[in-house]
Amino acid sequence: MALTPVQALDMLNSADLLGLGFEADAVRKRLHPEGVVTYIVDRNINYTNVCTEYCSFCAFYRPVGSPEGYIQPLESVFQKIDETLALGGTGILMQGGLHPDLKIDYYENLLSSIKQRYPILHCIAFPPRRF
C-alpha cells in the first residue's frame, strides 16, 4: 500500500522522528516479513562550514569572515573518503554551507575529482535545506 500525497506531505512536515521511524519499520516489515534488516556504512563530509544563511538544519556553520570558517582541501576530502572505504563504507554525503566565494567551478571540480578517483563510490551531494 503506497502513501497518499497527503500522508507523504504530513510525514515530510512532521517533527515526530520516533513516529516516522515506527512507520518506516512497519513498511519494512510489510515488504520483508522474513525479518532481514540491512544497513550501509557512509559518511557525511562537510566541504565548508562558512554559510550566508541560518537554517534549523545545522549547528556547525560559521558566518562569513569567522576565524573558525574553513573550506576542505581536496586532499582532506580524499582522506575522509579513504577512511570511510577502509571501514567498509560504500558512500558519502557531501554537504556544507552556502559559501559566497564558492562558484560552480568549485563544485564541478569537487565532484569530478571524487568521481575520477573513486568511480564506484555512491555519492549524495547538496541535500535540500529548510530555512
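Can you give me the number of residues within the stretch 24-65 that are among the small types (Gly, Ala, Ser) and either under 30 Å from ASP82 (Cβ atoms) or in contact with a strand residue (DSSP E or B) (Cβ under 8 Å, 6 or more places away or on another chain) (or both)? Talk me through it step by step, then tell me what you get.
Pass one, the stretch 24-65, residues among the small types (Gly, Ala, Ser): 24, 26, 35, 56, 59, 65.
Then keep just the ones that are either under 30 Å from ASP82 (Cβ atoms) or in contact with a strand residue (DSSP E or B) (Cβ under 8 Å, 6 or more places away or on another chain) (or both); that gives 59.
Residues in the stretch 24-65 being among the small types (Gly, Ala, Ser) and either under 30 Å from ASP82 (Cβ atoms) or in contact with a strand residue (DSSP E or B) (Cβ under 8 Å, 6 or more places away or on another chain) (or both): 1 in total.
Residues in the stretch 73-92: is at least one of a type in the set (A, V, I, L, M) and under 30 Å from ALA2 (Cα atoms)? Break it down into steps so the answer makes sense when it comes.
Just the residues of the stretch 73-92 that are of a type in the set (A, V, I, L, M), to begin with: 74, 77, 81, 85-87, 92.
Next cut, under 30 Å from ALA2 (Cα atoms) only: 92.
Yes, some residue in the stretch 73-92 is of a type in the set (A, V, I, L, M) and under 30 Å from ALA2 (Cα atoms).
Residues of the stretch 71-109 that are in a loop (DSSP other than H, G, I, E, B) and either farther than 21 Å from GLU53 by Cα or open to solvent by less than 70 Å² (accessible area, probe 1.4 Å) (or both): GLN72, PRO73, LEU87, GLY88, GLY89, THR90, GLY96, GLY97, LEU98, HIS99, PRO100, LEU102.
A search for C-beta distances below 9 Å between a residue of the stretch 59-81 that is more than 23 Å from ILE114 (Cα to Cα) and any residue that is of a type in the set (D, E, K, R) and loosely packed, with under 14 Cβ neighbours inside 10 Å, counting only pairs 6+ apart in sequence or on different chains, returns TYR61/GLU53; ARG62/GLU68; VAL64/ASP101.
Residue-by-condition table, conditions (1) closer than 26 Å to PHE126 by Cα; (2) over 22 Å from the mean Cα position of the chain (by Cα); (3) assigned to a helix (DSSP H, G or I):
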{"site": "LEU12", "(1), (2), (3)": "yes, no, yes"}
{"site": "LYS29", "(1), (2), (3)": "no, yes, yes"}
{"site": "PRO33", "(1), (2), (3)": "no, yes, no"}
{"site": "TYR39", "(1), (2), (3)": "yes, no, no"}
{"site": "ARG43", "(1), (2), (3)": "yes, no, no"}
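The values are calculated or read from the model by the stated rules, or taken from the named source; none is laboratory data. Computed from a predicted structure; not experimentally measured. FYI the Cβ positions are ideal-geometry reconstructions off the backbone, even for glycines, and counts take in every protein chain you see. The accessibility values were calculated without ligands, DNA or RNA, using every heavy atom of the protein model including side chains. Shrake-Rupley method; radii C 1.70, N 1.55, O 1.52, S 1.80 Å.
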